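Engineer: One structure, as C-alpha cells, below. Some questions next.
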Amino acid sequence: MSHSAISVENVHLSLGDAAARVHVLRGLDVHIGRGEAVGIVGPSGSGKSTLLMTMAGLERPDEGQVRVAGEDLGRLDEDGLARFRGENVGLVFQSFHLIPNMTAIENVAVPLELTGQPDAFERARAALERVGLSHRLDHYPTALSGGEQQRVALARALVTEPKILFADEPTGNLDGETGKQIIELVFALQREHQATLVLVTHDEGLAARCDRVIAMRDGEIVGGEAGIGRAAE
C-alpha cells in the first residue's frame, strides 16, 4: 500500500515454552497510514503490547509479514533491525528505560552517538528544551521525578526525528495530571514531526484522541478498523 507506514499481514506469534506456550497473536492484519495516530486498546493479555513489539521489530512473528517504513523486518538480522530502529523508530515505554549512570542530556544523546552524529549533544539539548527540561540537563535519573524521566524518554525517542513513534502505556507509571501533560506532549510532538504514532493504552478515552482506534481481545482484532485510515498529506 503506497500510503502505508506499517503493514502487518497474517501475523501469528506464540510465546513461552512447551505446555506454557501461548498463541498471543492470531492471524492479524493491520495497516497504518503515514502520519496517522492509531490507538490500540484491550484488556491485559489481549496482545496489544505484543503487537506493538512486533511492529517495532522487538519480537519476531512465527508466521506472516511485517513491513515498516517500506522495510520487510523479516529480512533483517538483529544488527539490521537495530540499525533500522535507530534510523526510523522512536520508542516510549511505561518504564522509562533510562541509563542510570548517565545524565538526562547523555541519555538523549545516546541514539545520535550510536549513529555517529557529530552534533549529538546540541540536538539532545534542543530536544530536552522542547519537553521543558532545559534546567535538568545534567541531572541523573534518580534525581528526576517520574514525569521528568518520561519527558527525557520522550526527548530521546524523538531526537532522531523518527518516522514512527511507538508508545506503550507511556503514562502508566505517572499520576493523572503528570500523565495528561505527557500525553499532550506526545501528540504535540507527533504533529510537529509529522510522525506516525502507535499508542497502546488501557484508557479508551485517551485512545479516542487518535485518528483511529483498534480494539483487541485474545490476540485478535475485535473492534475498530484494521485498514488505513487517514494518511498524512
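The values are calculated or read from the model by the stated rules, or taken from the named source; none is laboratory data. Predicted model only: the values in this text are computed from it and were never measured. Glycine also receives a Cβ, built like all others from the backbone with ideal geometry; neighbour counts cover every protein chain displayed. Protein only, heavy atoms only, side chains kept; ligands, DNA and RNA dropped before computing areas. Shrake-Rupley method; radii C 1.70, N 1.55, O 1.52, S 1.80 Å.
Engineer: Among all residue pairs at least 6 apart or on different chains, which show Cβ distances below 8 Å where the first residue, located in region 187-214, is aromatic (Phe, Trp, Tyr) and the second is surrounded by 20 or more Cβ atoms within 10 Å (Cβ to Cβ) and part of a strand (DSSP E or B)?
Structural biologist: Filtered contacts from region 187-214: 187/37; 187/197.
Engineer: Here's a check for you: in region 95-135, which residue that is open to solvent by 50 Å² or more (accessible area, probe 1.4 Å) and within 20 Å of residue 183 (Cα to Cα) is farthest from the chain's Cα centre (by Cα)?
Structural biologist: 134
Engineer: Related question: So residue 39 clears everything in (1) surrounded by fewer than 22 Cβ atoms within 10 Å (Cβ to Cβ); (2) within 23 Å of residue 209 (Cα to Cα) except one condition, right? Which one?
Structural biologist: With respect to (1) surrounded by fewer than 22 Cβ atoms within 10 Å (Cβ to Cβ); (2) within 23 Å of residue 209 (Cα to Cα), residue 39 is out only on (1).
Engineer: If you don't mind, there's one more thing I want to ask. Can residue 70 be described as free of Cβ contacts under 8 Å to residues at least 24 places away in the same chain and of a type outside the set (Phe, Trp, Tyr)?
Structural biologist: When the stated conditions are applied, residue 70 passes them.
Engineer: Could you run through region 11-21 and say how many residues are touching a strand residue (DSSP E or B) at 6+ places or on another chain (Cβ under 6 Å) and either open to solvent by less than 10 Å² (accessible area, probe 1.4 Å) or among the hydrophobic types (A, V, I, L, M, F, W, C) (or both)?
Structural biologist: Adding up the residues that qualify gives 3.
Engineer: Looking at 118, 111, 100, can you tell me which residue is in contact (Cβ under 8 Å) with a residue 40 or more places away in the chain and part of a loop (DSSP other than H, G, I, E, B)?
Structural biologist: After ruling out the rest, the residue left standing is 100.
Engineer: Tally the residues that are open to solvent by 10 Å² or more (accessible area, probe 1.4 Å) and part of a loop (DSSP other than H, G, I, E, B), restricting the search to region 160-176.
Structural biologist: Qualifying residue count for the region: 9.
Engineer: Test residue 90 against the stated conditions and say whether it is part of a strand (DSSP E or B) and either at pLDDT 95 or above or not hydroxyl-bearing (Ser, Thr, Tyr) (or both).
Structural biologist: When the stated conditions are applied, residue 90 passes them.
Engineer: Ok, one more. Mind listing just one residue for me: the one in region 177-224 that is in contact with a helix residue (DSSP H, G or I) (Cβ under 8 Å, 6 or more places away or on another chain) and open to solvent by 70 Å² or more (accessible area, probe 1.4 Å) and, of those, nearest to residue 94 (Cα to Cα)?
Structural biologist: The selected residue is 181.
Engineer: Okay, next question. Among the residues of region 24-65, what is the count of those that are in contact (Cβ under 8 Å) with a residue 60 or more places away in the chain and part of a strand (DSSP E or B)?
Structural biologist: Selection size over region 24-65: 15.
Engineer: For the condition open to solvent by less than 10 Å² (accessible area, probe 1.4 Å) and in contact with a strand residue (DSSP E or B) (Cβ under 9 Å, 6 or more places away or on another chain), what is the one hit in 92, 24?
Structural biologist: Just one listed residue meets the conditions, 92.
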